[in-house]
Amino acid sequence: MDKKRVLSGVQPTGNLHLGNYLGAIRNWVEAQPDYDNYFCVVDLHAITVPHDPKQLAESSLAIAALYLACGIEPTHSTIFIQSHISAHSELAWLLNCVTPLNWLERMIQFKEKARKQGENVSVGLLDYPVLMAADILLYDADLVPVGEDQKQHIELTRDIVIRINDQFGKKKKPVLKLPAPLIREAGARVMSLTDGTKKMSKSDPSEQSRINLLDSPAEITKKIKRCKTDSFKGLEFDNPDRPECHNLLSLYMLLSGQSRDAVAAECAEMGWGQFKPLLADTVVAALEPIQTKYYEIMGDRASLEALLKAGREKAEVSANDVLDRVKTALGFSKPL
Ligand code: TYM
């Protein structure tokens, strides 16, 4: 039987943090032998908020290098940069014309980001989920592995598919494939180090709120030493009055590879003074091999660029095929 198709992506905005790793990339890596995988660097999404043109190209390469450093293997996965395949923008336009405006106005991420941006909200920010739908649909993806915060965007993608198939599909021949989210419970929502009720985010102005995958051991140790805790005795999961405690224990569990019961038992009697150095050492040890590999890959640009070129060439075949299918269904003439 053919393997199911997976597609996902990360934006080249700033550094990747533990939320991106544990909520998304680590899960891509673990499941990659089971699927036919497409992973893109979504640089068109990165310009939906103000960006620095001097850094965009370099950040895109860096994210691709991080995919590889985290364990994405070209034998199982096709890696490419979104803007290198123009079908993404073109399908987004076609989808725009069938997507009701109020579906987009309802999106939680849009409302949150728009609030932070004040006057300076672009049409692109509102349209972000439609471009994301185009990314997914161009590859006939069955599954989209993401963190919890992206669930609503995938539900929107599904609504768009149903609408297009209803309006333009034939009974037995849908135009687009209906994808499903793949959200693992553990790591799906990594929280900020400064507030255990807010998710860890690249857009938080405080660097102290997140651990980046490329932070040095000294930075990691300092951030964990300073992170918000509480004054309860012992450490425990799932106490709603202790969101920071739950988050930090979860990080320890995920990065040490231990079970939840083992971590709960090991840490039940610990104080923060004993736990924080343990967590810091665990994070440093988990990130060290990723960092070493990342610098190695970035040191060999020619190989990285060749890999992205091969990825683009392969991905483009599927993308152009689906784009053609949609244009035909919508009634466009063929180019003369
Ligand atoms: P981005 O770059 O904002 O996030 C990349 C991935 O990281 C996950 N994530 C988290 N997971 C757990 N805890 C957190 N604190 C946390 N913060 C971020 C996100 O859920 C995501 O999986 N819209 C996408 C990019 C995208 C995409 C796509 C994804 C564009 N097109 C097509 C899948 C399919 C995003 O959130 O990027």
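Distance between the C-alpha centers of segment 100-154 and segment 199-240? Whole Å please.
27
Pop the C-beta distance of ASP34 and ALA310 into the FRET formula with R0 = 25 Å and round what comes out to the nearest 0.05.
0.70
Can you give me the angle between helix 217-226 and the longest principal axis of the chain, using Cα atoms only, in degrees from 0 to 90, rounded to the nearest 10?
Rounded to the nearest ten degrees, it is 70.
Using Cα centres only, tell me the gap between segment 55-91 and segment 271-336 in whole Å.
Segment 55-91 and segment 271-336 have Cα centres spaced 4 Å from each other.
Between helix 87-96 and the chain, what is the angle of the helix's C-alpha long axis to the longest principal axis, kept within 0 to 90° and rounded to the nearest 10?
80
Measuring from label point to label point, each 7 Å out along Cα→Cβ, what is the THR292 to GLN208 span in nm?
3.3
Where does helix 272-298 land angle-wise versus the long Cα axis of the chain, in degrees 0 to 90, nearest 10?
Approximately 40 degrees, to the nearest 10.
For segment 1-146, with every protein chain kept in place, what is the accessible area per residue (1.4 Å probe, Å²)?
About 40 Å² of surface per residue is accessible.
Subtract the Cα-Cα distance of LEU336 and GLU185 from 0.36 nm times their separation in residues, and report this length gain in nm to one decimal.
49.3 nm
Give me the percent of accessible area attributable to carbon and sulfur for segment 150-212, probe 1.4 angstrom.
50
Points 7 angstrom from Cα along the Cβ direction at ALA285 and ASP324: gap in nanometres?
Placing both labels 7 Å beyond Cα along the Cβ direction yields 5.3 nm.
Over 30 Å between Cα atoms: which of LYS111/LYS314; LYS314/LYS334; LYS113/LYS170; LYS4/LYS276 fall into that group?
With Cα atoms farther than 30 Å apart: LYS111/LYS314; LYS113/LYS170; LYS4/LYS276.
May I ask you to compute the full-extension gain from MET1 to ARG163, defined as 0.36 nm times their residue separation minus their alpha-carbon distance, rounded to one decimal in nm?
Roughly 55.4 nm would be gained on extension.
Any chance you could run the full-extension gain for ASP230 through ALA302? It's 0.36 nm times the residue separation minus the Cα-Cα distance, nm to one decimal.
Numbers: separation 72, 0.36 × 72 = 25.92 nm, distance 4.90 nm.
Answer, rounded to one decimal: 21.0 nm.
The values are calculated or read from the model by the stated rules, or taken from the named source; none is laboratory data. As the structure is a computational prediction, the values presented were derived from the model and not from experiment. Cβ coordinates were reconstructed from backbone atoms using ideal geometry, including for glycine residues, and neighbour counts include every protein chain displayed. With ligands, DNA and RNA removed, areas are computed over all heavy atoms of the protein, side chains included. Shrake-Rupley method; radii C 1.70, N 1.55, O 1.52, S 1.80 Å.
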